[in-house]
Amino acid sequence: MAGRTRMSPERRRDQLLDLGVELFATHPYDEVHIERVAELAGVSRGLLYHYFPGKREFFVAMLTRENERLMHETAPDPALSPIEQLENGIRAFVDHCRAHEHGVRAVFRGGVSSDPEIVALVSGSIDVQVSRILAAGRAGDDPAPILVLALRGWIGLLRAACYEMLTDKRIDPEDVVAVCRSAFFGTLSGLPSAVLPPVVAEILGEQASPTGSLTGR
């Protein structure tokens, strides 16, 4: 009788994290027992603990992987114009959430954690997105704090809108893209012109023109 195919350590680790994502996406953190992951994977608890010393370490590893996947799939193309980078970035974010629903839900739960390392992971992801927007807008090395605050707030809206889209299947993803695009320009238009990088100010002027369309439709 042929033996079962042996998984590589990397593939086994990914399998365990995949199962954990589903559990953490559908249950509060305190209700998840990672021993259940071992049962679902058909492996011993000892093997599970070989990869992850405890639940916290398992959760951090899961969030780290999901965050790396998000960063990869939403990476901007510097060859595009700033407005194209923004629009492609919003759509890539929405598409990522649809393709990795369990992972997004698990990360969203991590965002309300009180664990400093988990909070830092989620906050770091937002920082990267802010840095990408500032780079596309050629904001320089010392952007105004109010500009950074506005961008962080907008990314929070984008994340919340995508989470709501996953929760309420009646919401059209195209509407989420349009709403978040409009919200981006609406957020920045409320800032003092002195804090806006020239490229951003120019784009805002174009969007406010009679032929401009905030929704992109």
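The values are calculated or read from the model by the stated rules, or taken from the named source; none is laboratory data. As the structure is a prediction and not an experimental result, all values here were calculated from the model. Because the Cβ atoms are built from the backbone with ideal geometry, glycine has one as well, and the counts that use them run over all protein chains shown. Only protein heavy atoms, including side chains, enter the accessible area calculation; ligands, DNA and RNA are left aside. Shrake-Rupley method; radii C 1.70, N 1.55, O 1.52, S 1.80 Å.
Helices in the chain, meaning DSSP H runs of at least 4 residues, each add -39500 (n - 2.57). Divided by all residues, the mean residue ellipticity at 222 nm is -22500 deg cm²/dmol. Measure nothing but the geometry: give the 0 to 90° angle between the long axis through the Cα atoms of 82-99 and the longest principal axis through the Cα atoms of the chain, rounded to 10°. Tilt of helix 82-99: around 30 degrees.
Return the carbon/sulfur percentage of the accessible area of the chain, one whole number, probe 1.4 Å, all protein chains in place. Present the calculation step by step, with values, prior to reporting the outcome.
Values: 6600 of 11950 Å².
The value for the chain is 55 percent carbon and sulfur by accessible area.
Whole-percent P(r), region 55-108, all Cα pairs, 10 Å bins from 0: 24, 44, 24, 7, 1. Note on ILE126 and ARG6: with the Förster distance fixed at 30 Å, the Cβ-Cβ geometry gives a FRET efficiency of about 0.15.
Return one quarter of the surface area of the convex hull spanned by the alpha-carbon atoms of region 66-217, equal to its mean projected area, in nm². Can you show the working numbers first?
Details: hull surface 37.6 nm².
The directionally averaged projection comes out at 9.4 nm².
Roughly how tilted is helix 101-110, in degrees to the nearest 10 and between 0 and 90, from the longest Cα axis of the chain? In the chain, helix 101-110 runs at an angle near 80 degrees to the longest axis.
So what is the relative contact order of region 1-88, in percent, for Cα pairs below 8 Å that sit 6 or more residues apart?
On the way: 34 pairs, mean separation 20.8, N = 88.
Reported relative contact order: 24 percent.
A simple rule links phi to the HN-Hα coupling: the Karplus curve 6.51 cos²θ - 1.76 cosθ + 1.60 with θ = phi - 60°, which for region 51-65 gives 8, 9, x, x, 5, 4, 4, 5, 5, 5, 4, 5, 5, 4, 5 Hz, with x for Gly and Pro.
Only sites in a loop by DSSP and with at most 14 other Cβ atoms within 10 Å count here; which trypsin sites (Lys or Arg not before Pro) in region 106-154 make the cut?
Values: sites: ARG109, ARG132, ARG138, ARG152; in loops: ARG138.
Loop-located and lightly packed - ARG138.
Taking the Cα centre of the chain as reference, the dipole from Cβ charges on Lys and Arg (+1) and Asp and Glu (-1) amounts to some 560 debye.
If R0 is 25 Å, the Cβ-Cβ spacing of ARG98 and THR26 corresponds to a FRET efficiency of close to 0.90. Among the cysteines of the chain, CYS180 have no other cysteine beta carbon within less than 4.7 Å of their own. Between region 4-83 and region 161-210, the alpha-carbon centres lie 32 Å apart. If you plug the beta carbon distance of ALA194 and ALA61 into 1/(1 + (r/R0)^6) with R0 = 35 Å, you get a FRET efficiency near 0.20. Semi-axis lengths, largest first, of the ellipsoid equivalent to region 1-153 are 35, 18, 12 Å, with √(5λ) applied to each eigenvalue of the Cα gyration tensor.
Let me check against my output: what whole-number percent is the relative contact order of the chain, with C-alpha pairs under 8 Å and at least 6 apart?
Reported relative contact order: 18 percent.
Could you compute the net charge surrounding GLN207? Neighbours are other residues with a C-beta less than 12 Å from the C-beta of GLN207; K and R count +1, D and E count -1. Local charge sum for GLN207: -2. Could you compute the net charge surrounding ASP18? Neighbours are other residues with a C-beta less than 14 Å from the C-beta of ASP18; K and R count +1, D and E count -1. Spelling it out: positives minus negatives among the neighbours equals +2. Over region 58-217, accessible surface divided per residue gives 50 Å², non-protein components excluded, 1.4 Å probe.
Compute the angle between helix 145-167 and the longest alpha-carbon principal axis of the chain, please, reported from 0 to 90 degrees and rounded to the nearest 10. For 145-167 against the chain, the angle is about 50 degrees.
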